[in-house]
Amino acid sequence: MVRLSGPRAIPIGRQLFSSTPPLGARIRHVEYGHALDVAGRAVDAGLAWALRGPRSYTGEDTVEITSHGSPVVLETLVQAAIARGAVLAGPGEFTRRAFLNGKLDLVQAEAVLEVIRAESSGALSTAYGQASGRLSERVRVAKEHVVRALAILELGLDFTEEDRQEITPGLAEEHTAQALRLSRSLTETFEACRRRMQGYMVTLVGRPNVGKSTLLNSLLAEERAIVTPIPGTTRDVVEGKVVWAGEAFRLTDTAGIQDTGNLAEQEGVRRTRAAAASADLLLVVLDASARWEPGDDESIALLDRKPGLLVRNKTDLPTLIEIPARYAALPQIEVSALTEQGIAQLQQTILRMIPVPSLRDGTGITRQRHLEQMFITCERLQAAQQLLSDSSPECAAAELREGLLALGAVLGENVEEDVLNRIFSEFCIGK
């Protein structure tokens, strides 16, 4: 597809596409015709349609021409358009124009990129919810409370001391508290929503030779990690991605936890602990065909700070392991990574244990820019709340104005040009 947007989109489009009636004569109608090169020669048959602004994605006159998909035809159309006065779009330029023309706020514009990048239906639901304006609506509700609080305070400041006694700050405090509650609730959604977009990290830990690499390969349904009978084969973090029930997961295999004098193995253990600290869920893999060892205790100790479960692997072999009674309360599951017995049950258990956001899709924040502005909002509103309780309405109003600016920045109000450049530079051409 070749897309044109701007005041000359339809005149240029008519020079690129020949149809009866001419392109643009019937707005929002699909026309059949022929794509033309610079010399006006037909090079392909296809479809095209024209949209009049502001009833278009960008808010401007727009033309879209579809051909049979040949790169040569598309390049020919692009060169013909440039020859007739069009210029190549920059990264994200169509979405940027939609934002500048008021068709989208900045949260929705950023969500377009998240829709494109989504790797699971869960991530897509979150991104599309944002693109549909659900997150923007929550920000606007918080903003409206701040505006009302400010209006009450400004009204009071405009009166004399005697008249001001008739205006109580109670309502301003109530609106400030509501805005602060909403803002805090948004900041609290960031971690879980961000994890969902990136993929939940599930890390396999355990002492050497318990079958972590085989289990990783089984869960990924691919030969991602090297598997040998030699203990300590894995010395670095090995990662693979998979989607289960619409949710994306990043599964990581790690070096075996052990006491060792080998420098390479020591570094592997250090990386294992770092990966465990970043994980959303830990799978402590135990060898059901072997006796209990101190390395098993060290592995289970990682569950002190992270949710997880014990995975008793190698159940296709005679069972020798005896899990100490002190670990009886921990969730456990039996599998054989080699024969894949219990793998489906393990997947279902992981799905139940991940911290899926309870909010309606698209009502949480996923970008660092949003989080930073919401933190500023919370700080300013909390300060305003304290100043109101100290009977300092002038200072409280100043803090509320700063909070209002931060909320507006989330939506893209009065945002600086370099911020827009940074955001839209992440887009690909044509979006």
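Convex hull over the alpha-carbon atoms of region 196-353: what's its volume per residue in Å³?
Taking only Cα atoms, region 196-353 has a hull volume of 105 Å³ per residue.
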Exercise. Measure off 7 Å from each Cα along the Cα-to-Cβ vector at Ala301 and Ser425, then give the distance between these two points in nanometres to one decimal.
Key: 4.5 nm
Self-check item: Calculated from backbone phi, Karplus (6.51, -1.76, 1.60) coupling profile of region 37-53 in Hz, x at Gly/Pro
Solution: 8, 4, 7, x, 8, 6, 10, 6, 9, x, 10, 8, 8, 10, 10, 8, x
Quiz item: Stretched out fully, how many nm does the piece from Ser132 to Thr20 gain, at 0.36 nm a residue minus the Cα gap?
Solution: 36.7 nm
Quiz item: Excluding same-chain residues fewer than 8 positions from Lys212, which lysines have a Cα within less than 25 Å of its Cα?
Solution: Lys241, Lys306, Lys314
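Estimate the FRET efficiency between Thr339 and Ile27 by the formula 1/(1 + (r/R0)^6), using the beta-carbon distance for r and 41 Å for R0, to the nearest 0.05. Before the final figure, lay out each step's value.
On the way: r = 63 Å, r/R0 = 1.54.
Efficiency, rounded to the nearest 0.05: 0.05.
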Quiz item: At 222 nm, what helix-only mean residue ellipticity would the chain give, in deg cm²/dmol to the nearest 500, using -39500 (n - 2.57) for each DSSP H run of four or more?
Solution: -14500 deg cm²/dmol
Quiz prompt | Distance histogram in 5 Å bins (all Cα pairs of region 65-207, percent per bin) | solution = 2, 8, 10, 11, 11, 12, 10, 8, 8, 7, 5, 4, 2, 2, 1, 0
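Ser391 to Ile116: FRET efficiency via 1/(1 + (r/R0)^6), r the Cβ-Cβ distance, R0 60 Å, to the nearest 0.05?
Working: r = 51 Å, r/R0 = 0.85.
Efficiency computed from Cβ-Cβ geometry: 0.70.
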Quiz prompt | 0 to 90° range, to nearest 10: angle between helix 134-157 axis and the chain longest Cα axis | solution = 70 degrees
Self-check item: Point-to-point label distance, Glu417-Glu379, nm (Cα→Cβ direction, 7 Å offset)
Solution: 2.8 nm
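Could you order peptides 2-12, 206-216 by the average number of other Cβ atoms within 10 Å of their residues, highest first?
Numbers: 2-12: 19.2, 206-216: 25.1.
The packing order, highest mean first, is 206-216, 2-12.
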Quiz item: By how many degrees, 0 to 90 and rounded to 10, does the Cα axis of helix 106-117 deviate from the longest principal axis of the chain?
Solution: 50 degrees
Quiz item: Measuring from the lowest to the highest alpha carbon on each principal axis, how far does the chain reach, largest first, in angstroms?
Solution: 82, 79, 37
Exercise. Report, to the nearest 10°, how far helix 343-353 tilts away from the longest principal axis of the Cα atoms in the chain, using its own Cα long axis and a range of 0 to 90°.
Key: 60 degrees
Quiz item: How far is it, in nm, from the label point at Ile82 to the one at Glu322 when both lie 7 Å from their Cα along the line to the Cβ?
Solution: 7.7 nm
Practice problem: Just flag the GluC sites (Glu not before Pro) in region 77-134 sitting in loop per DSSP whose Cβ has no more than 13 other Cβ atoms within 10 Å. | Solution: Glu119
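Readers should treat all values here as calculations from the given coordinates under stated rules, not as data from a laboratory. Quick caveat, the model's predicted, so the values are computed rather than measured. Positions of Cβ are backbone-derived with ideal geometry, glycine not excepted, and every protein chain shown enters the neighbour counts.
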